[in-house]
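To start, the structure under review is shown below, and the notes come after it.
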């Protein structure tokens, strides 16, 4: 076995490390390699085998786990293609099917028949067919290549392997890198595009607690929604048709009503998005000192502007609610991550680890200058690190920005008078105008432009400013920069060809280069774009190339120095298994958090007509009458949520939480405030996975929603 292969084997399969005999709670493990963990899992209570989790020759649990749109996880729970996921994962689908007259977001929705289920345009589901380690077919051919040449070679080889894998099938395939390019896997998927909304609780249940409870425990959120996969009559994926039939899966999950208790085995099976567990101390410091709070500040501007308008009108609320919820989620996340990185002294931990590495690396040419080179790269990059954040999270977050920036090609053909292309481009814009302006809210957008411009002006060094800022301050002078920017935004939205659909369509009837480039919205956004691309993008891309190369080398070096430090690759939206146990915790001195919450706790938080803590009337009546059906626990109450010490991150939302027998006991939907640094470091003491209990989900479906969907499930008592 070559040195590279030995390193990769250690990197992806080493399982010798444990914490003083305690269970190995940390880790998002590749299901194809989970056999190496089987003995440890059984010690923690697991009753199945590795083959039950992942098997390419026979149906296994992995066949019931699907990626939902690439942003969440869902699980198949019936032989008719029914799937469960989180409410926040289905939020956009629910909101887009809501109107002021039929507001299913607020009122809830339950299809009584298959014909009532609502097709969701653009939503797709993917099931992993198989994964294969192809590192030996790629890495030997990358020797001596620079980062750009390396990336091009990986793309070429990946395309060749993918094309061969899907040849003669209806599958799709891709090659994905792991551990910054220390390993590569071929992933083969089956994609379904006819996905229909089956049901969702009222928003007051599905989002109970709102932003106040987000990322917090104790939690009482009924975070679930229900969809169904449809196929052609031959069982293969097909685009929407009224003749399509419910999907007949290779495997679906049984649902357990047995309940949970502390110490019970728990497994989360899903598609976690991104972690960065091998981040350098320099990256941690930059995040704490600059990047995270720049994201928070700019997102806060958007959230406040939207909220003011959403509170005025139901139609506006429905139009903006999905985007608002998405932005708010990670606005709070970056606040919490920064606080916990500081509290847990993660920077100091990283520095200590790096000092050990430097000592080990002496005399090893591949590694001894790694941190010297890394420090130089950060020093060159740091002055520009906030610039793209203030563009992407701030200025370009206005709905006007993508409309204007999409005019770049039209500007070019108008300048060169390429009349043959003008009609095609404008025709496409006309056809998509309704979609472009569907969620456009002028009053909030105007505020966002003025306030994000002020933030950029105050926080980004003046020598990085585009010339248009000085021009705005001169032409729209109103005393202070803040007042000048307000005046600029107001006049721009009153006159721009791109701030209303009517003016946009009128412009497209007879577009000219002069009209386009003299429009203040165009001058504004294009000036910022061109300023960044021509002057500062190079600093960012150069840093990213060096950082990736050094990160890859560092991970490889860590695995050679101490295999126990590099046991599993970072999450990268590929299917992973995390295992642990139901477990409570003590967040701070004198405070103990129990492992579960109940319906009684929901009632304790209830505030009539409150945006975050209101409840439907029939919910209150069901609780008053103790109408809990078969879903009550031994204490006579219904368990709403519970926590485990499973290792999860974004993308795991909607993932099934399984018991020792592989039965569904809940849906993962959040992490806890005390461990918000979890994407960078797993803290065994505080890290918890917050889940909605499946018995509460079924109670909401049957009792609150009056649906008979429970009859479709395989329920285990």
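Where the centroid of each part is defined by its Cα atoms, how far is segment 617-644 from segment 559-593 in Å?
What the calculation gives is 31 Å, centre to centre.
Please work out the Cα convex hull volume for the chain and give it in Å³ per residue.
Spread over its residues, the Cα hull of the chain gives 184 Å³ apiece.
Multiply the residue separation of residue 510 and residue 148 by 0.36 nm, subtract the distance between their alpha-carbon atoms, and state the gained length in nm to one decimal.
Here the answer is 126.1 nm.
Using the 10 angstrom Cβ neighbour count as an exposure proxy, how do 465, 170, 87, 399 rank, fewest first?
Arranged by neighbour count, lowest to highest, 465, 170, 87, 399 become 170, 465, 399, 87.
Can you compute the radius of gyration and Dmax for segment 203-353, using only the Cα atoms, both in Å?
21.4, 62
So what are segment 355-410's ellipsoid semi-axes, whole angstrom, largest first, if each one is the square root of 5 times an eigenvalue of the alpha-carbon gyration tensor?
42, 12, 9
Just need the relative contact order of segment 105-240 here, percent rounded to a whole number, with Cα pairs under 8 Å and 6+ apart.
Relative contact order for segment 105-240 comes out at 32 percent.
For 92, 167, what's the fewest-to-most ordering of other Cβ within 10 Å of each Cβ?
Fewest-to-most ranking of 92, 167: 167, 92.
Give me log10 I(q)/I(0) at q = 0.07 Å⁻¹ for segment 282-551, Debye formula, one equal scatterer per alpha-carbon, no solvent.
-0.33
Using helices alone, I'd like the mean residue ellipticity at 222 nm for the chain: each DSSP H run of four-plus residues gives -39500 (n - 2.57), total over residue count, nearest 500.
Calculated at 222 nm, the ellipticity per residue is -12500 deg cm²/dmol.
For segment 168-255, what Kirkwood radius comes out of the mean inverse Cα-Cα distance, in Å?
Hydrodynamic radius (Kirkwood, Cα only) of segment 168-255 equals 16.8 Å.
In percent, how large is the relative contact order of the chain, given Cα pairs closer than 8 Å and 6 or more residues apart?
24 percent
Take every Cα pair under 8 Å in segment 282-551 that's 6+ residues apart, average their separations, divide by the length, and report that relative contact order as a whole percent.
Over segment 282-551, the number comes to 25 percent.
Quick one: work out the % antiparallel among DSSP beta bridges in the chain, nearest 5.
DSSP beta bridges in the chain are roughly 95 percent antiparallel.
A short reminder: the numbers here are calculations on the coordinates, not readings from a lab. Note that the coordinates shown come from a computational prediction; the quantities given were computed from them, not determined experimentally. Every residue, glycine as well, gets a Cβ built from its backbone with ideal geometry; the counts of neighbours run over all protein chains shown.
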